[in-house]
Amino acid sequence: MPDLSRLSDAERRALLLLSQGHTAKSAAALLDTTEAAVNERLREARRKTGVGSSRELARLVSQETRDEKIGVAGRDAHAAVGRRVLNLRARWPVILGVSALVILASVVGAVTALAVSGQAAPDPATPPRVVATYPKPGDVVPAGPLTLKVTFDRPMQPGWSFVNRDLASLPPCDWKQPRQSPDGRSFSVSCKLEPGHTYWIGFNSANHKNFASTEGVPATPAGLPFSAK
């Protein structure tokens, strides 16, 4: 197994974008740098690890990333902070009658909205996907208070899996209390960003799948890189 600990944050960010299907050119746009600089980071990453393919190295880095989590909301309720990984779980009240009505209202509302807009409702058997975030990927936002938000293409269960690459790139947010929108599609957390920092946060991973539709289908993993000025 290559030694991935030698990779710099800049090299990891470039590789993670590559693992998500970006080219060096599109990754450069998100990272606010040049295509040549991204290619240089990829070359240096290959040299450090001895992996001959940038795509293969990106896959390995992405897999390593998915094994680290910062927030999982599921059936068990506990919170613990580790030296390298922050694990958060939230307990949700189980009020079956009210929950069923809320979920039904969310589904009906989403289907109605899609019908009005002329869009077809998502197939319940397919994985939900992220359709919007704030900030947007690659955004440079003012330091200070910010409400981070992720929106899916359909109503979701009241649970979450925010995942991180490492503590250095973890946005300083209140991960214990994500708020779900009335339509069930969006989750938001309050953050306080520091100037000059580059952040990365993910939604679901191969091992943590609590962002799921009301039918229980886990959402496709996605990542959000952004910076504060």
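The values are calculated or read from the model by the stated rules, or taken from the named source; none is laboratory data. Being a predicted model, the structure only gives us computed values, none of them experimental. Heads up, the Cβs are rebuilt from the backbone with ideal geometry, glycines too, and the neighbour counts pull from every protein chain shown. Please note that ligands, DNA and RNA were not included when accessible areas were found on the heavy atoms of the full protein model with its side chains. Shrake-Rupley method; radii C 1.70, N 1.55, O 1.52, S 1.80 Å.
Numbers for the structure displayed
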{"quantity": "Members of the stretch 192-229 that are assigned to a strand (DSSP E or B), open to solvent by 10 Å² or more (accessible area, probe 1.4 Å) and under 13 Å from Thr151 (Cα atoms)", "calculated": "Ala222, Gly223"}
{"quantity": "The stretch 182-191 - residue that is on the phi < 0 side of the Ramachandran plot and at pLDDT below 95 and, of those, surrounded by the most Cβ atoms within 10 Å (Cβ to Cβ)", "calculated": "Asp183"}
{"quantity": "Hey, Lys149 at pLDDT 95 or above, open to solvent by 20 Å² or more (accessible area, probe 1.4 Å) and not small (Gly, Ala, Ser) or not", "calculated": "yes"}
{"quantity": "Selection status of Phe152, within 11 Å of the chain's Cα centre (by Cα) and under 24 Å from His22 (Cα atoms)", "calculated": "no"}
{"quantity": "Check on Lys176, surrounded by fewer than 20 Cβ atoms within 10 Å (Cβ to Cβ) and either part of a strand (DSSP E or B) or touching a Ser or Thr at 6+ places or on another chain (Cβ under 7 Å) (or both)", "calculated": "no"}
{"quantity": "Tally of residues being under 21 Å from Glu64 (Cα atoms), assigned to a helix (DSSP H, G or I) and open to solvent by 60 Å² or more (accessible area, probe 1.4 Å) across the stretch 8-40", "calculated": "1"}
